[in-house]
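Novice: Please read through the structure below; I'll follow up with questions.
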Amino acid sequence: SRQARTFHVAEANSATIGKIVRENVVKASRLHTDESNLYPRVGKTLAAHETVKHSASEYVRYEDGGVVHCNSAESYFSVFKRGMRGIYQHCSEKHLHRYLSEFEYRFNTRVALGVGDQERTEKLLAQVTGKRLTYKAADRTA
């Protein structure tokens, strides 16, 4: 399935990207990226790695009956950026993982995947059953 997974990384480099891909992407996958030098090494560990050349105004390419692009990832990130600028306006690095989780959940339970508001709410409630919402550690007094 095409599920989004988001990660906050201290530094985007080929070692970090490689570790994330190795731990989260099935080896039979086809990796589509732009021409960044972060991806060639990890791309060799997957079934295929195709790139589009944004520097040459290439954003989509049709080959062997398939489409090569990274527009889906760029669209996901664009929605996240608009949400952070328009709705939340500020987020400290300490809490960034929480915001990323929210956008990931919304993307993975969207109407385009056949998940309606009721089902999305039921899934969310099932995940919080039996959990306490606290900010301070439970062993501290207020």
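Novice: Helix 117-128: angle to the longest alpha-carbon principal axis of the chain, degrees 0 to 90, nearest 10?
Specialist: In the chain, helix 117-128 runs at an angle near 70 degrees to the longest axis.
Novice: Multiply the residue separation of residue 61 and residue 46 by 0.36 nm, subtract the distance between their alpha-carbon atoms, and state the gained length in nm to one decimal. Before the final figure, lay out each step's value.
Specialist: Details: separation 15, 0.36 × 15 = 5.40 nm, distance 1.97 nm.
Answer, rounded to one decimal: 3.4 nm.
Novice: OK, next. At a threshold of 8 angstrom on Cα-Cα distance, excluding pairs fewer than six apart, so keeping six or more, what relative contact order does the chain reach in percent?
Specialist: On the way: 108 pairs, mean separation 27.6, N = 142.
Computed value for the chain: 19 percent relative contact order.
Novice: Averaged per residue, what accessible area in Å² does the range 1-107 show with a 1.4 Å probe, protein chains only?
Specialist: Details: 7610 Å² over 107 residues.
Using a 1.4 Å probe on heavy atoms only, each residue of the range 1-107 averages 71 Å².
Novice: Report the net charge of residues surrounding residue 53, where surrounding means a beta-carbon distance below 10 angstrom and charges are Lys +1, Arg +1, Asp -1, Glu -1. The partial results should precede the final answer.
Specialist: Numbers: positive: 61; negative: 34, 35, 58.
Every neighbour counted, the sum reads -2.
Novice: What figure, in Å² to the nearest 10, do you get for the accessible area of residue 31 with a 1.4 Å probe and non-protein molecules left out?
Specialist: 30
Novice: How much of the accessible area of the range 1-134, probe 1.4 Å, is carbon plus sulfur, in whole percent? Could the numbers behind the result be given before it?
Specialist: On the way: 5240 of 9910 Å².
That share works out to 53 percent.
Novice: One-quarter of the Cα convex hull surface for the range 1-64, in nm²? Each step should come with its number before you reach the end.
Specialist: Values: hull surface 20.8 nm².
With the hull built on Cα positions only, its mean projection is 5.2 nm².
Novice: Further question: Sticking with the crude label model, points 7 Å out along Cα→Cβ, report the distance from residue 26 to residue 84 in nm, one decimal please.
Specialist: Computed distance between label sites residue 26 and residue 84 equals 3.0 nm.
Novice: Let me ask something else. Near residue 43, within a Cβ-to-Cβ distance under 11 Å, what is the net charge of the other residues, with Lys and Arg +1 and Asp and Glu -1? Mind dumping the intermediate values first?
Specialist: Values: positive: 30, 41, 44; negative: 50.
Counting the neighbours of residue 43, the net charge comes to +2.
Novice: Calculate how steeply helix 14-24 sits against the longest principal axis of the alpha-carbon atoms of the chain, using the helix alpha-carbon long axis, and give the answer as 0 to 90 degrees to the nearest 10.
Specialist: Around 70 degrees separate the two axes.
The values are calculated or read from the model by the stated rules, or taken from the named source; none is laboratory data. This one's a predicted model, so the numbers in the text were calculated from it and none came from an experiment. No Cβ is skipped: glycine too gets one built from the backbone with ideal geometry, and neighbour counts run over all protein chains shown. Note: accessible area is taken over every heavy atom of the protein model, side chains too, but ligands, DNA and RNA are not part of it. Shrake-Rupley method; radii C 1.70, N 1.55, O 1.52, S 1.80 Å.
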